[in-house]
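Worksheet: one structure, shown below.
None of the figures in this text is laboratory data; all of them are computed from the coordinates on show. Since this is a predicted model, take the numbers as computed values, not measurements. In this analysis, Cβ positions are derived from the backbone assuming ideal geometry, glycine residues included, and neighbour counts consider all displayed protein chains.
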Amino acid sequence: MPERPSLGGPPSPHPIRLAHATDRPATMMIARRSLLLASSAAIASAALPPLVAPARAELVVDVRRGNFQPIPIAVADFVGDPEAATLVSGIVSADLGRSGYFSPLDKGRFPERPTFDAAPNFGAWRPTGAQGLVTGRVTRDGSGRLKAEFRLWDVVAGQQVVGQQYTTGAASMRRLGHIIADAVYSKITGVGGYFDTRVAFVDESGPKERRRKRLAVMDQDGANVRYLTQGDSSVVSPRYSPVTQDIAFMSQPSGQQPRVQVINLETGTRQVVGDFDDMTSSPRFAPDGRRLLIALQEGGNSNIYALDLASKRTTRLTNSSAIDTSPSYSPDGAQIIFESDRGGKQQIYVMGADGSNPRRISFGQGSYSQPAWSPRGDLIAFTKQQPGGFAIGVMKPDGSGERILTEGFHNEGPTWAPNGQYLVIFRDPGGQSGGKLYMIDITGKVEAPLPTPSFASDPSWSPLLGGGSAG
């Protein structure tokens, strides 16, 4: 029988079907707690343009390069239900500020308190330097359901850029803030959002030589931490499925071989994947979520296998006397990136999804490990060990264009945000303190800690809760 761990809270909702808030109405659905995007025509004000309006080119920040400047933006206090409105607008402002691409304006500099049903006084806002302005309203009906509306204004052009309305149950109140922040972020940057996501990680407590390691999951801003295992077995290497609320991870009960397990966040069920005599490690889902790549130890070496989760059939993909491990699919599932010491030290190799044509792509100084393919397919993140410490970098899939994003005493474990613009990594400063999680962007210009209850390691970023990709 599969084990059903205590999750420390209610089960996670089913994913919503949501790309991002766009110029056209869409519908998002969560089982048990619906989150619906209402028709913009039904909520347009006669004195204002419809909530959904054509985007303007003026309000744009190019975040693909490292020479951008954070765009000044004002997020007004949302009106309506005091508790919900304050929470939602606070989350929107915090998300945008933490991204590194926006500089939220201090409320003490606001020239007015804008209402939702009237256009702002653009002449008063322009001297503040704010280029964008977000206004909103959150109301609650008799049953407790919430309706959240927002508008994004281009202060320079004096026009509305976009607006949307959402309704949801009170339990999804925080997600409203993340979804609105995603809509604003996407409209201005042209890059998909990432705020409506979660991060799985290994929570570490106790003395460094006897750490208790539990599998945990939290919202990407550190809220709503839940523990998925109780600490009776040590856990490492959690990996989110790109399309379901499943997490694969390694678990090692005391005195036993490590085993790859999969836990479903909706049901809490947990099962051991495969039945192997030797140690399995490095689980990573295929883009369709139906297969796992794993490394299977065989004597002194390790080879990579693909495991079909439905049939439990395995297909051997490498056959060498080396240690082949840490595999990761390309977003289209056609190729696999992995690390191997077949050349004498750890380097990155790429091969076909069937194991064909393996070829080395890393040739810099030092050793390379833990490759992860970006959901956009354009970059591969890696950990690089060299004299003096560990670095996190990215390179193109053919090995060209290597760039180091951050380096120090101990950095490792890069995992991609679903928009391919950010990574979460594990960093240990050394000594007895313990590791923490940090978010960095692909330009290397943005770096910020992720709050965790205690020490943390082995992060894995979820897909958008409405669907998407994760690395």
Restricting to aspartates and glutamates and to Cα separations under 19 Å from K147, and discarding same-chain partners fewer than 8 apart, the set is D23, D77, D81, E83, D117, D182, D196
Distribution output for segment 198-461: share of Cα-Cα pairs per 10 Å bin in percent, first bin at 0, values 7, 32, 39, 20, 2
Packing-ranked peptide list from 385-397, 155-167, 123-135, highest mean Cβ count within 10 angstrom first, is 155-167, 123-135, 385-397
Rounded to one decimal in Å, the inverse mean reciprocal Cα-Cα distance for segment 360-416, i.e. its Kirkwood radius, is 11.2
Rounded to one decimal in nm, the spacing of the 7 Å Cα→Cβ label points at S320 and S433 is 3.7
Quick calc: nm separation of the 7 Å Cα→Cβ label points for Q230 and A448 -> 3.7
Computed over segment 107-222, the relative contact order (Cα-Cα under 8 Å, seq sep at least six) in percent reads 14
Relative contact order in percent for segment 198-461 (Cα pairs under 8 Å, 6+ apart) equals 13
Any lysines whose Cα falls less than 18 Å from that of K208, other than same-chain ones fewer than 8 residues away, would be K436
Taking alpha-carbon centroids only, segment 318-377 lies from segment 127-194 a number of Å equal to 41
Cross-link reach from K345 to lysines, straight Cα distance under 20 Å and at least 8 residues apart if same chain, gives K384
